[in-house]
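Remarks on the structure that follows.
The values are calculated or read from the model by the stated rules, or taken from the named source; none is laboratory data. What you are looking at is a predicted structure, and each value in this text was computed from that prediction instead of being measured. Glycine gets a Cβ as well: all are built from the backbone with ideal geometry, and neighbour counts include every protein chain shown.
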Protein chains: 2
Amino acid sequence: MIETKVIPRTESAYDSPLLIKNILAQSVRYNPEREIVYRDLFRMNYLTLNQRIHRLANALTGLGIGPGDTVGMLDWDSHRYLECFFAVPCMGAILHTVNVRLSPAQILYTINHAEDTILLVHEDFLPILEAIKDQITTVRTYVLISDRVYGDAPEAVTTTAVEAAGEYEQLLAEAADAFEFPDFDENTWATSFYTTGTTGNPKGVYFSHRQLFMHTMGLVSYFCGFEALPFSHRDVYMPITPMFHVHAWGFPYVATMLNAKQVYPGRYEPPMLLNLLLTEKVTFSHCVPTILNMLVQSPVAKQVDLSNWKVIIGGSALTRGLAQAALELGINVSQGYGMSETAPVMAVVHLNEEQLQLPLEEQLAYRTKAGKMAPFVELRLVDEQGTFLPHDGQATGEVVARSPWMTQGYFKEPENSEKLWENGWLHTGDVGSLGPDYYLTISDRVKDVIKTGGEWVSSLDLENLLSQVEGVAEVAVVGMPDARWGERPNALVVPKPDFQDLLTAELIKQQMQRFVESGEIKPWYIPDRILFVPDIPKTSVGKIDKKKIRVDLTI
Amino acid sequence: MIETKVIPRTESAYDSPLLIKNILAQSVRYNPEREIVYRDLFRMNYLTLNQRIHRLANALTGLGIGPGDTVGMLDWDSHRYLECFFAVPCMGAILHTVNVRLSPAQILYTINHAEDTILLVHEDFLPILEAIKDQITTVRTYVLISDRVYGDAPEAVTTTAVEAAGEYEQLLAEAADAFEFPDFDENTWATSFYTTGTTGNPKGVYFSHRQLFMHTMGLVSYFCGFEALPFSHRDVYMPITPMFHVHAWGFPYVATMLNAKQVYPGRYEPPMLLNLLLTEKVTFSHCVPTILNMLVQSPVAKQVDLSNWKVIIGGSALTRGLAQAALELGINVSQGYGMSETAPVMAVVHLNEEQLQLPLEEQLAYRTKAGKMAPFVELRLVDEQGTFLPHDGQATGEVVARSPWMTQGYFKEPENSEKLWENGWLHTGDVGSLGPDYYLTISDRVKDVIKTGGEWVSSLDLENLLSQVEGVAEVAVVGMPDARWGERPNALVVPKPDFQDLLTAELIKQQMQRFVESGEIKPWYIPDRILFVPDIPKTSVGKIDKKKIRVDLTI
């Protein structure tokens, strides 16, 4: 930073901090009649949402929660989660979105590590809680959540699993309407959640009000200003990425800012998802490839009109095979790029007017790139010595990033935090190239690159090619130790139902020869071992779990 | 501000400051082929704009300009101005946009008061400069600007008026392409300009990088996110509000961020404006009522298609009469609200889908309101005791404001700065009401309200009604001292050309009786004196100069 003339403060002037409450304030100004829907159980407009958020703040205050306290939440994707996204940080408290897909031991670890003082728990998770509650160290209060309180015949809900201070809807009903959300430092801790690293305990990532505000602004600029995708206030939004995971990629904040209709699906049951998609006229979602694959493969998908559905894929690579299958169903699919530590969006595919005129096959090349740098995100490539590489679409190096919405690091892990940030750049652990058109292409994770015979082979590239082989539904490629070559590619393949008995390793290898002949790969890129499996192991947030695959293949 | 848990800084993490260079960085990512046009003299795309901004920074550095220096600019609205909007603040220097409509003595005052160290001067303003140059205290260097260097037969330009270090285009041609814009505190002083107060010397208003960044984000959210107006990257933008005045209301920053095509008209000659409107297919402009009135009254306007032209009116009130005349020509006209001290936008008319279906007459009621609160702007009403009044569309009080883009005050005027900000709210000096729909209606300036017989009469309301009288082209109403009633309304009227000899004070008073009969006004609101004038006195930025009118009427 250089020295400049900094504007002196006028004593009585108000210096607007960038707080999440400023996002909330927009939600009732322009289209407050739009709805927020929870499954077929609950619906309200934005005026009611605001009222409920104020009531929630009063209810939490009544339970002794105040600035600096951490509120843990274990729920399915719901309007309640959305209410907590606002009420908790706007009070000056911290929302800990508990990853319910972790093991009970890991959930316990995160609750204690985050120092939660209150837990809001859906009754579906009470068995987990019961198992760990004696080891929870900081929680003073429990609030019960249930879906049985909605509908025509609401039931009274209680539990003996924990001593609950009340049930969520009841607490809201009893609370006062008006809560004055206070002003405070924009660098105040707003949210935290835990990522499952490849080794050791989950790591706590955390974001400030300013960071979440700027992430929301970055996405509004991109989706509305540049019409990426586009996602506008006229869309109907339904996340299919858990709200506990990076705030469902931050889109609930964007949707609320824009007063777009929002639909929350609870847990991800395919019939419920497809039903909501159609009855609520959902036009915009985001999910990991697995979910899209599940929907694309479902027989119902072919019988319904999905041509108004725009989907951003992230978490794992969108293969050409899956992208093509989705496009053929009319789904407007493209990829985005991000990670927990980056709030998460860093890039999203953005087709300009010319590119939208291209034939499907050529569009695929863009749609399956990691994306084009989002506004206010700066990406660069570095080699192993930390030298910056050119943005020529050729040079390959680790992707490093900056933007106003990146985490400062991992909670209570100063060493890992410093490792994440090196020389002022956040190190993504991804290997990729950058084009002069600001498009990013990811070739692999730094640790998943297969080093064979002195060459670096991208496991993602191989997955991409394998996904195009007829009969292949899903695929994962990992490098396995090899005495002669250092490492050799191994593949796990999930065959499509109709190809269950037809697909063989030999057939796949034969078809891979095509890509050898067309020059896309060299002969020794073809995996040595191809195993057929019913499922690809995934992490708690739906990414291919290559660590587990490597262990499984070793045993 | 309350105490909260503030996120600790990781030492090696990069803490992105909100700088104007981040806006510039977007301008080449998405639609860099779009053009920036200066009259019929010069055109370039965004790649060239970026290159020229980098060259300008190198050229200025070569002239000894660095962080903290103030660069004064005297030019017509041009691509050069746009280049300075970015190059100067992004270097860490301060851009002083000199109000060339002030008197030479006032221009001298502002140059010395702002402590300009370099002046970039269009040759049209050399006569002014020559008259004052001996009294300029801080300027070390002069750069000459001329339009004669463009086109097929460019001329070499020199001057004897000042000792110039060079000519703008020549300096750019000689400068290197690459300039690394540094990082610095986001509260760094970016721009300053002078407003003409009603008393004393012009007052210097100033904005930081963060403030201009947030103003740009606020407008992108409003115009793209909520489709106010709307103004998108597909529009063709031409300001008709001087770039020296609040950065042409900040829209050049918005247009550049969005990569929209931009057209700069130089000085405001009606044939040139209309010609550019049509040949460059301009779709979005903003101006004061006078300019719109001039265009609406011009005979050419009736012969051309203006139905793709969206216009925001600000500076003075958009009367129903003018709004109707513009709408009848197909112009999509609505009002905005702001002031120099607020960067400037605080509100813009925003018709939602229902309102856009209303008949023209009913839309007029919305389009002539001051506007609906822009995102991140908070407006309130206070009475003379400083008590907040309800937002019921009825209560009337002084409008006070907050947002992340309001000036800290006036340069070197701590007392006036503290007066502008009282109890943490910026006092606009405007009297108005706020509806529960977030619409603001301005009834008058605090100092222009006419206090007659114990009642407060809005001079703006009277102007609005008078503007609807047949044959009235323009009107101004002021309160003049009256022994019996305290004050009485007086009106200046500019008749339409065809009504030059037909319109009389008696006729107007008779027609005003209509509004008495319909209950809109009381009989004693009808102005005592109605004078016919060829022009309404205006300030240097095109507002009705009521101070001058009062003086003129007294003499």
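When the criteria are applied in full, A:ARG9 meets the requirement of being closer than 19 Å to B:ASP185 by Cα and within 10 Å of chain B (Cβ to nearest Cβ). Residue count for the stretch B:28-63 satisfying the condition of being within 14 Å of chain A (Cβ to nearest Cβ) and of a type in the set (D, E, K, R): 3.
Evaluation of A:VAL469 against the conditions (1) surrounded by 15 or more Cβ atoms within 10 Å (Cβ to Cβ); (2) out of contact with any Asp or Glu (no Cβ under 7 Å at 6 or more places or on another chain); (3) within 30 Å of A:VAL205 (Cβ to Cβ) shows that the sole unmet condition is (3). Considering only residues in the stretch A:404-420 that are facing chain B (nearest Cβ under 9 Å) and of a type in the set (S, T, N, Q), the one that is farthest from the chain's Cα centre (by Cα) turns out to be A:SER417. The single condition among (1) modelled with pLDDT under 95; (2) in contact with a Leu (Cβ under 9 Å, 6 or more places away or on another chain); (3) away from chain A (no Cβ under 14 Å) that B:LEU351 does not meet is (3). Against the test of being more than 13 Å from chain A (Cβ to nearest Cβ), over 20 Å from the mean Cα position of the chain (by Cα), farther than 17 Å from B:MET406 by Cβ and of a type in the set (Ser, Thr, Tyr), the options B:THR279, B:THR196 yield a single qualifying residue, B:THR279. Scanning the stretch B:367-380 for residues that are in contact with a strand residue (DSSP E or B) (Cβ under 7 Å, 6 or more places away or on another chain), away from chain A (no Cβ under 14 Å) and over 24 Å from B:GLU227 (Cβ atoms) turns up nothing. Only one of the numbered conditions (1) surrounded by 17 or more Cβ atoms within 10 Å (Cβ to Cβ); (2) not assigned by TED's automatic domain parsing to the domain that holds B:THR319 is violated by B:LEU426, and that is (2). Here A:GLU415 passes the criteria (1) of a type outside the set (Lys, Arg); (2) closer than 19 Å to A:ARG402 by Cα; (3) at pLDDT below 95 except the one numbered (2). Of the residues making up the stretch A:12-27, not one is over 13 Å from A:PHE213 (Cα atoms), touching a Pro at 6+ places or on another chain (Cβ under 9 Å) and within 8 Å of chain B (Cβ to nearest Cβ). Set side by side, the residues B:GLY92, B:GLY62 differ, and just one is in contact (Cβ under 8 Å) with a residue 12 or more places away in the chain and touching a Gly at 6+ places or on another chain (Cβ under 8 Å), which is B:GLY92. Per the conditions (1) touching a Ser or Thr at 6+ places or on another chain (Cβ under 8 Å); (2) in the same structural domain as B:TRP189 (by TED's automatic domain parsing), the sole criterion not satisfied by B:ALA59 is (1). For the stretch B:35-60, a residue qualifies if it is surrounded by 20 or more Cβ atoms within 10 Å (Cβ to Cβ) and closer than 24 Å to A:LEU379 by Cβ, and the qualifying residues are B:TYR46, B:LEU49, B:ASN50, B:ILE53, B:HIS54, B:ALA57. When the stretch A:429-446 is limited to residues that are in a strand (DSSP E or B) and within 14 Å of chain B (Cβ to nearest Cβ), the one that is nearest to A:ALA343 (Cα to Cα) turns out to be A:LEU440. Residues that are in a loop (DSSP other than H, G, I, E, B), free of Cβ contacts under 8 Å to residues at least 24 places away in the same chain, within 14 Å of chain B (Cβ to nearest Cβ) and not aromatic (Phe, Trp, Tyr) occur at least once in the stretch A:171-182. For the stretch A:513-528, the criterion of being within 16 Å of A:LEU553 (Cβ to Cβ), surrounded by 20 or more Cβ atoms within 10 Å (Cβ to Cβ) and touching a Pro at 6+ places or on another chain (Cβ under 9 Å) is met by at least one residue.
Here the condition is being within 30 Å of A:ALA491 (Cβ to Cβ) and surrounded by 14 or more Cβ atoms within 10 Å (Cβ to Cβ); of A:GLU418, A:GLU463, it holds for A:GLU463 alone.
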